[in-house]
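Worksheet: one structure, shown below.
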Amino acid sequence: MRKWILGGVAVLLVAIAMAFIWARVRLKPMLRERLITAIREHYRREVEVKDIQISAVTGFGATIHGLVLHQQDRAAGLPPMALVEQLQISATLRGILSEPLQIERVILKGLKINVPPKRPKSPDSSERDKPQTERRYPPRFVINEVLADGTFLQILPKKEGKVPLTFDITK
């Protein structure tokens with residue numbers, strides 16, 4: 001009887017070990033790509049990430065280092081739209097696999113936002129040349145709570161040489 005119990009425990013331990021290996025080899029890269037794709041599609045911007053660490057042991061957690069969202073017109077020489085030194089994400093595994101992604105909490109450290117100047121209107125533009133209203137897409141993710149202490153906001157001026165309007169929100 002004792003051999004059966006020990007054999008059953010051994011099989012259970014092997015199954016758990018295989019599940020952890022599967023999570024590390026298959027699940028983490030899939031979640032990493034899903035997260036970056038959701039950010040890219042939601043903001044419709046090119047995204048750069050220095051490093052992502054993902055934990056899928058109890059729920060889902062991710063720490064992103066060096067997140068950069070570029071401006072739409074990178075050729076204009078403007079700084080990136082947003083830079084985040086560190087971004088911590090917490091969600092349930094069910095939430096991260098759902099559509100849209102359901103994220104419980106996001107903590108942003110070292111957030112810097114650069115709002116570009118409005119584009120000047122060309123003198124020959126008229127009412128009928130205005131673009132149609134932009135098509136609304138469903139959100140790629142929903143966040144329940146966002147904490148962003150130490151945020152820096154900069155509104156870039158239209159005229160070159162003017163000082164940008166800045167807001168340094170520190171706690």
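Coordinate-derived values only; no laboratory data. Because the structure is predicted, anything quoted here is derived from the model rather than measured. Methodologically, a virtual Cβ is constructed for each residue, glycine included, from the backbone with ideal geometry; neighbour enumeration extends over all protein chains shown.
Could you please report the charge total around residue 38, scoring K, R as +1 and D, E as -1 over all other residues with beta-carbon less than 14 angstrom from its beta-carbon?
Once positives and negatives cancel, what remains is +3.
With θ set to phi - 60°, apply the Karplus curve 6.51 cos²θ - 1.76 cosθ + 1.60 along region 153-162 and write out the HN-Hα couplings as whole Hz, x wherever there is a Gly or Pro.
10, 10, 9, 6, x, 5, 8, 5, x, 7
Can you compute 3J(HN,Hα) from phi for each residue in region 94-106, using the Karplus curve 6.51 cos²θ - 1.76 cosθ + 1.60 with θ = phi - 60°, rounded to whole Hz and x for Gly and Pro?
Rounded to whole hertz, the list is 4, x, 6, 8, 7, 10, x, 4, 10, 10, 6, 8, 10.
Amide H of residue 59 versus every other amide H placed in the peptide plane: which residues, excluding those fewer than 5 positions away on the same chain, fall under 5 Å?
93
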